[in-house]
Amino acid sequence: PGWRNGDALWSTVATPQLQTIAMEWLLPFADAIRSMAPVVVLVEILFIVAVWTTALRLPVVLILMTMHLGIAVGTKLHFFGLLMMFALVIFVRQEPLERMLEKVFCSLGRRYANWAKVALGRSVRSHL
């Protein structure tokens, strides 16, 4: 019942013992946050199908990683959020992950392109 009426999501946000940052500013948006609970459940259920569809895999993994990063940063459920993010990496093939890391590192500048070279274990194209 907590996920159907949104209390599971709202109680996590509204409970001071679980907060790492002050969230009083979210009080006016309580109904909006409650209405997001079924969306979270739907995304988690769709993940089961989407992760096996090549075109949807990376976008769905990135959406879920963002959600779990929010959990890790915004609540005291750090271990859960990070564990779920690491578990999601399993579903990403090596090539798209390498391309994404290469773009991120190289977009930060030449200095970070060397980090990409070390992290990926090969030379990278300079995007500068």
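Considering the range 1-21, and only residues there that are in contact with a Lys or Arg (Cβ under 8 Å, 6 or more places away or on another chain) and either open to solvent by 90 Å² or more (accessible area, probe 1.4 Å) or outside any loop (DSSP other than H, G, I, E, B) (or both), the residue that is farthest from residue 71 (Cα to Cα) turns out to be 7. Scanning for something under 15 Å from residue 71 (Cβ atoms) and open to solvent by 80 Å² or more (accessible area, probe 1.4 Å), does the range 22-35 turn up at least one residue? No, every residue in the range 22-35 fails to be under 15 Å from residue 71 (Cβ atoms) and open to solvent by 80 Å² or more (accessible area, probe 1.4 Å). Only residues that are under 20 Å from residue 20 (Cα atoms) and open to solvent by less than 40 Å² (accessible area, probe 1.4 Å) were counted across the range 72-112, and they come to 5.
Return the total of residues in the range 44-71 being outside any helix (DSSP H, G or I) and open to solvent by 90 Å² or more (accessible area, probe 1.4 Å).
Residues in the range 44-71 being outside any helix (DSSP H, G or I) and open to solvent by 90 Å² or more (accessible area, probe 1.4 Å): 1 in total.
Across the range 52-71, the qualifying residues are those that are at pLDDT 85 or above and among the polar types (S, T, N, Q), and the one among them that is nearest to residue 22 (Cα to Cα) is 66. Against the test of being among the hydrophobic types (A, V, I, L, M, F, W, C), in contact (Cβ under 8 Å) with a residue 12 or more places away in the chain and farther than 23 Å from residue 100 by Cα, the options 10, 25 yield a single qualifying residue, 10.
Is one or more of the residues making up the range 31-41 assigned to a loop (DSSP other than H, G, I, E, B) and not aliphatic (A, V, I, L, M)?
No: the range 31-41 contains no residue that is assigned to a loop (DSSP other than H, G, I, E, B) and not aliphatic (A, V, I, L, M).
The values are calculated or read from the model by the stated rules, or taken from the named source; none is laboratory data. None of these values were measured; they are calculated from a predicted model. Please note: Cβ atoms are built from the backbone with ideal geometry, for glycine as well, and neighbour counts cover all protein chains shown. For accessibility, only protein heavy atoms count, side chains too; no ligands or nucleic acids. Shrake-Rupley method; radii C 1.70, N 1.55, O 1.52, S 1.80 Å.
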